[in-house]
1. Does Val278 fit the bill of being in a loop (DSSP other than H, G, I, E, B) and either without any contact (Cβ under 8 Å) to a residue 60 or more places away in the chain or within 18 Å of the chain's Cα centre (by Cα) (or both)?
2. Against the definition (without any contact (Cβ under 8 Å) to a residue 24 or more places away in the chain, surrounded by 17 or more Cβ atoms within 10 Å (Cβ to Cβ) and under 17 Å from Ile381 (Cα atoms)), how does Asp22 come out, yes or no?
3. Among all residue pairs at least 6 apart or on different chains, which show Cβ distances below 8 Å where the first residue, located in segment 228-250, is in the same structural domain as Ala209 (by TED's automatic domain parsing) and the second is assigned to a helix (DSSP H, G or I) and of a type in the set (Ser, Thr, Tyr)?
4. Identify, from the list Thr415, Thr401, Thr379, the residue that is hydroxyl-bearing (Ser, Thr, Tyr), under 17 Å from Pro259 (Cβ atoms), assigned to a strand (DSSP E or B) and outside the structural domain of Thr265 (by TED's automatic domain parsing).
5. Output yes when any residue across segment 165-183 is β-branched (Val, Ile, Thr) and more than 30 Å from Asp28 (Cβ to Cβ), and no when none is.
6. Does at least one position in segment 32-44 carry a residue that is assigned to a strand (DSSP E or B) and of a type in the set (A, V, I, L, M, F, W, C)?
7. Scan segment 209-220 and report the pairs whose first residue is modelled with pLDDT of 95 or more and whose second residue is of a type in the set (Ser, Thr, Tyr), with Cβ atoms within less than 8 Å and a gap of 6+ or a chain change.
8. Restricting attention to segment 340-360, does a residue exist that is more than 23 Å from Phe424 (Cα to Cα) and among the basic types (Lys, Arg)?
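The values are calculated or read from the model by the stated rules, or taken from the named source; none is laboratory data. These numbers come from a predicted model, not from an experiment. Backbone-built Cβ (ideal geometry, glycine too); neighbour counts: all protein chains shown.
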Amino acid sequence: MNLLIKGGRIIDPFSEQDTICDIRIKNDKIVETGPGLARKSSEKLVDAGGMIVCPGLIDMHVHLREPGYEGKETIATGTRAAAKGGFTGVGAMPNTLPVADNPAVIEYVRKITREEGMCRVYPFGSITRDSRGENLAEIGELANAGAVAISDDGNPVESAEILRRALEYARAFNLPLVDHCEDRALSGEGVMHEGYVSTILGLKGISAASEEVVVARDIILAEMTGAHLHIAHVSTAHSVKMIREAKARGVPVTAEATPHHFTLTHEAVKSYDTATKVNPPLRTHEDVEAVIEGLADGTIDIIVSDHAPHSYEDKTVEYDAAPFGISGLETVVPLVVDRLILTGKISWARAVAALTSEPARIFGLPCKGIQEGSTADLTIIDPGLKITVEKDSFISLGKNTPFEGMRLQGWPCATIVGGNLVMFERKAELEPALS
């Protein structure tokens with residue numbers, strides 16, 4: 001497809017540019033940028049006046065569920081949801097069935113993505129076999145098969161010795177190790193943040209310490225091994241403080257945060273809506289403010305959705321019995337714009353970096369931003385567009401969102417993957433972009 005994007009505000013953290021100009025795309029490449037480009041007869045015109053044009057957004061914490069849990073999500077539906085959410089690439093977590101602890105599963109995910117994917121998928125391999133935390137997976141084979149990182153996802157690696165060895169192997173193969181920081185002996189059967197609200201609701205709590213003691217352990221091991229540690233979905237103020245101090249010492253640690261952890265508190269659980277049940281749980285106002293501060297100053301490097309779709313039947317049960325997780329791919333951008341940028345808490349430049357150049361840097365992705373000759377992966381955001389969140393409009397099979405009914409401002413209106421306009425005017429295309 002040949003496109004001419006006219007008059008957008010280009011924000012590109014790769015080249016540190018923030019300017020008004022046009023972009024010409026031929027086939028899958030950006031071939032020209034600059035002001036006043038004339039449209040050619042073969043080009044589709046995309047009027048981006050008043051809009052933000054940035055490198056394609058990347059969400060490096062997504063559960064696509066395939067293979068094994070296609071009733072919750074598939075690579076086809078998940079990547080379409082990503083495209084509608086403004087994402088040109090996603091990191092696929094390994095908690096599939098079978099677990100992505102071997103090259104065959106990595107290769108399967110890549111094959112289905114080529115056949116049915118609407119955006120790029122970067123598969124994660126597991127740290128341990130079957131993500132049980134007992135025996136290391138063949139990390140070198142996973143890297144050779146195309147895994148961009150290793151993680152046991154929601155299964156924390158309880159053994160410090162095994163995590164140490166995993167970090168050493170990860171370093172040898174230049175892979176970040178992504179850890180879900182939770183001490184399950186402390187969190188027990190908890191279902192929400194431990195505190196006043198859990199007490200009055202009569203729900204079992206998960207203390208902040210259950211995250212923080214593992215963050216501390218992991219930082220110590222990263223400092224010891226020199227391996228790249230990436231801490232998933234940071235949720236507490238003390239975790240942010242420890243990561244900030246570790247970075248100041250030169251420890252190779254990076255971190256991520258989700259929109260639900262910087263927009264909602266444990267007060268949201270008072271509704272007993274199981275869409276508010278996530279792990280780590282929604283925390284206090286002080287924790288939310290600390291996460292936002294961490295994003296603003298770069299302590300927390302990137303923003304992710306932790307997209308965890310579940311079926312209606314799974315979530316329509318009593319709070320204790322419901323699985324953890326939010327279907328988040330389609331609401332990340334407006335939550336960032338509405339709650340962080342428009343409120344002055346972070347800048348456009350910082351937000352775009354947290355969704356583009358920073359995930360590319362951390363996970364070694366082949367992204368070069370908006371320049372002549374680079375692959376045409378772009379996202380266009382309308383900062384004035386106001387839409388009310390309606391879960392029934394989600395493309396994702398998972399409709400489990402705590403943001404239902406919220407009117408948010410600043411939505412993606414076009415997503416371009418390899419020169420293909422896979423989402424335009426809030427409508428996602430049906431044909432795969434990568435086949």
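1. Numbers: in a loop (DSSP other than H, G, I, E, B): yes; either without any contact (Cβ under 8 Å) to a residue 60 or more places away in the chain or within 18 Å of the chain's Cα centre (by Cα) (or both): yes.
Judged against the criteria, Val278 is a match.
2. Numbers: without any contact (Cβ under 8 Å) to a residue 24 or more places away in the chain: yes; surrounded by 17 or more Cβ atoms within 10 Å (Cβ to Cβ): yes; under 17 Å from Ile381 (Cα atoms): yes.
For Asp22, the condition - without any contact (Cβ under 8 Å) to a residue 24 or more places away in the chain, surrounded by 17 or more Cβ atoms within 10 Å (Cβ to Cβ) and under 17 Å from Ile381 (Cα atoms) - is met.
3. What qualifies is Ile231/Ser239.
4. Numbers: Thr415 fails: under 17 Å from Pro259 (Cβ atoms); Thr401 fails: assigned to a strand (DSSP E or B).
Residue meeting the stated conditions: Thr379.
5. Of the residues in segment 165-183, the ones β-branched (Val, Ile, Thr) are 178.
So of that shortlist, the ones also more than 30 Å from Asp28 (Cβ to Cβ) come out as none.
Within segment 165-183, not a single residue is β-branched (Val, Ile, Thr) and more than 30 Å from Asp28 (Cβ to Cβ).
6. Start the filter on segment 32-44 by keeping residues that are assigned to a strand (DSSP E or B), which leaves 32-34, 44.
Applying the additional criterion that residues be of a type in the set (A, V, I, L, M, F, W, C) yields none.
No: segment 32-44 contains no residue that is assigned to a strand (DSSP E or B) and of a type in the set (A, V, I, L, M, F, W, C).
7. Listed pairs, sorted by first residue: Ser210/Ser187; Glu211/Ser235; Glu211/Thr236; Glu211/Ser239; Glu212/Thr236; Glu212/Ser239; Val215/Ser239.
8. Yes: one or more hits.
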